[in-house]
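Contents: one structure, followed by commentary.
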Amino acid sequence: MLSTFLLPYEKLKNRWDPKSYAFLRAFWKTNFEFIKIWKLLTNNRENISLEDEKLYKQITIKIYHKGVILRWEQKWKDIKTRPQFKVKAWQFILSKIDAKDWAFGIIPDYLDWWIITWSFVSFDNIDQKKLDINYFDVLLSQDFFLNILKSKSVWTTWRKPIMIDEFLDLEIPLPPLEIQEKIVKTYNDIKNEIVFLENENQNLEKEVDIYLMKELWIEIEQKEKKKFFCVGYEDLERWDINFNLLNEWTISNKYNIFSVKDISSWAPLYWSNKPSVSWNKEKDYRYIRITDIDDKWNLRDDVWVTVEKFEEKYVLKENDFLIARTWWTIWKTFLYKEAYWKAVYAWYLIKFLLDENKIVPELLYEITKTSYYNNWLRTLERFAWQPNINSKEFLSFSFPLPNNLDLQIEILNWINNIKNKSKIIEERIEKLKIDLDEKIKRMILEGKDL
């Protein structure tokens, strides 16, 4: 792909801006008709008068093109944001603020005749013989069109709203209806395969959780939640509503119960806050922060920073165990391996040194991914804006553990087999996402594969 090119001035139309529509249209290689959105969609703002005591369902839009969903159900008198507007199934809806993050979609049948706030805008399809609304949804979900939406945002805040008049004035490529339907079918076929594989991966994660709980002889009791209940004083381990509601698991006496303190070889280690600076791979230590650990507990490859000064004791060594100590990321744990690169860790992480004569470190790492561990974390909730977990609390986390290291390794081998299957699926998903993006782009921009 050429990085240098000539663009005739007359094709620029309104402005000299690489993100603008004029720039993108100059490189669309199809003979499809171009038509302004306002000729296809009309803004539908149906203001409504509602009854104070009646329940109404309000909808919202998930970012990254993940669908239109129920937000909450409330009585009209309890809804503070006014006015509200009525929407119906099969309208196209977008968020004025988050449209640049793919916050738009088609209202499904089950959300028919619900309500939205002023920050959302719904549109009716004027001519269904000319526009398949699903094609329009697919078109807007593409990266190349997202640049157009970003170029139409205004103001200087980080949440820039889109101007609806400018949005409606955009031109879009409009193939014949049968080609629109083919593009939508291609998109849905690949998307459905991705969803299927993602569900497969979720099932594998559940399989690991069930297996590990079974091997450790842990069973979490599912009890009906009650608004009023009695707890005997002698049964209280802590004066805490959440602790006593959620601390409801049963553990067999097959294995001894160990706390993290029991399997630690040294005291936990905090570090003071240090600002990150740019990183030189040839000589610097990597500075690992909470945000460098992704939602799958893996170390991200797209962010690399370092820190200027540190003591030797903060350098990570093989099998050092890190936990995040702020509530919004408290479920994150990380097992360091020297193969990741030499590194130190940031202050919102706590380092624990494990006694490898008592536990295979990878097993603790896997245990902290289980429903048992997550349930335990919920018992630590406090009524604070941003509650934390401290080293003392994590040291108190207890679980059954085989004394035999070979048995621990056997458990891990089974888990690793499942994780290898999951990795193959993830690679397939990533390939499908790339294929989907490239295929839809070829169909719309170049008129290929039709």
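Brief remarks on what is shown
- Residue selected from segment 72-107 under the condition assigned to a helix (DSSP H, G or I) and within 26 Å of VAL195 (Cβ to Cβ), by the criterion nearest to the chain's Cα centre (by Cα): ASP101
- Residue within segment 355-367 that is surrounded by fewer than 20 Cβ atoms within 10 Å (Cβ to Cβ) and in a strand (DSSP E or B) present: no
- Listed conditions (1) in a loop (DSSP other than H, G, I, E, B); (2) out of contact with any Phe, Trp or Tyr (no Cβ under 8 Å at 6 or more places or on another chain); (3) closer than 25 Å to VAL184 by Cβ; (4) not hydroxyl-bearing (Ser, Thr, Tyr) are all met by ILE69, apart from (1).
- Residues located in segment 425-439, provided they are under 22 Å from PHE144 (Cβ atoms) and out of contact with any helix residue (DSSP H, G or I) (no Cβ under 6 Å at 6 or more places or on another chain): GLU430, LYS431, LYS433, ILE434, ASP435, ASP437, GLU438, LYS439
- Test: residue in segment 416-432 that is over 26 Å from the mean Cα position of the chain (by Cα) and small (Gly, Ala, Ser): no
- Residue that is farthest from VAL260 (Cα to Cα), among those in segment 273-321 that are hydrophobic (A, V, I, L, M, F, W, C) and part of a loop (DSSP other than H, G, I, E, B): TRP279
- Any chance LEU380 is buried (at least 17 other Cβ atoms within 10 Å of the Cβ), modelled with pLDDT under 95 and assigned to a loop (DSSP other than H, G, I, E, B): yes
- Among the candidates ASP302, ASP320, ASP294, the residue that is modelled with pLDDT of 95 or more and assigned by TED's automatic domain parsing to the domain that holds ASP262 is uniquely ASP320.
- Looking only at residues in segment 27-61 that are crowded, with 16+ Cβ neighbours inside 10 Å and within 30 Å of the chain's Cα centre (by Cα), the one that is farthest from GLN128 (Cα to Cα) is TYR56.
- Taking residues in segment 113-124 that are assigned by TED's automatic domain parsing to the domain that holds ASN47 and in a loop (DSSP other than H, G, I, E, B), and partners anywhere that are crowded, with 23+ Cβ neighbours inside 10 Å and not hydrophobic (A, V, I, L, M, F, W, C), the pairs with Cβ atoms closer than 9 Å and at least 6 places apart or on different chains are SER119/SER95.
- Filter pass, TYR373 being surrounded by 14 or more Cβ atoms within 10 Å (Cβ to Cβ) and within 30 Å of ASN280 (Cβ to Cβ): no
- Conditions (1) among the basic types (Lys, Arg); (2) more than 16 Å from ALA346 (Cβ to Cβ); (3) under 25 Å from the mean Cα position of the chain (by Cα): number failed by ARG289: (2)
- Annotation for segment 67-79: at least one member residue is in contact (Cβ under 8 Å) with a residue 24 or more places away in the chain, crowded, with 16+ Cβ neighbours inside 10 Å and closer than 27 Å to ILE434 by Cβ.
- Residue match in segment 406-421 (condition: among the polar types (S, T, N, Q), surrounded by 18 or more Cβ atoms within 10 Å (Cβ to Cβ) and touching a residue at least 60 places away in the same chain (Cβ under 8 Å)): no
- Residue, surrounded by the fewest Cβ atoms within 10 Å (Cβ to Cβ), within segment 187-217, restricted to residues that are of a type outside the set (A, V, I, L, M) and over 25 Å from the mean Cα position of the chain (by Cα): LYS214
- Residue check for VAL344: within 19 Å of VAL303 (Cβ to Cβ), aliphatic (A, V, I, L, M), assigned by TED's automatic domain parsing to the domain that holds ASP302 and crowded, with 16+ Cβ neighbours inside 10 Å: yes
- Any chance LEU401 is surrounded by 12 or more Cβ atoms within 10 Å (Cβ to Cβ), within 30 Å of LEU354 (Cβ to Cβ) and without any contact (Cβ under 8 Å) to a residue 40 or more places away in the chain: no
The values are calculated or read from the model by the stated rules, or taken from the named source; none is laboratory data. Note that the structure is predicted; figures quoted are calculated from it, not measured. Reconstructed Cβ throughout: ideal geometry from the backbone, glycine too, with neighbour counts over all protein chains shown.
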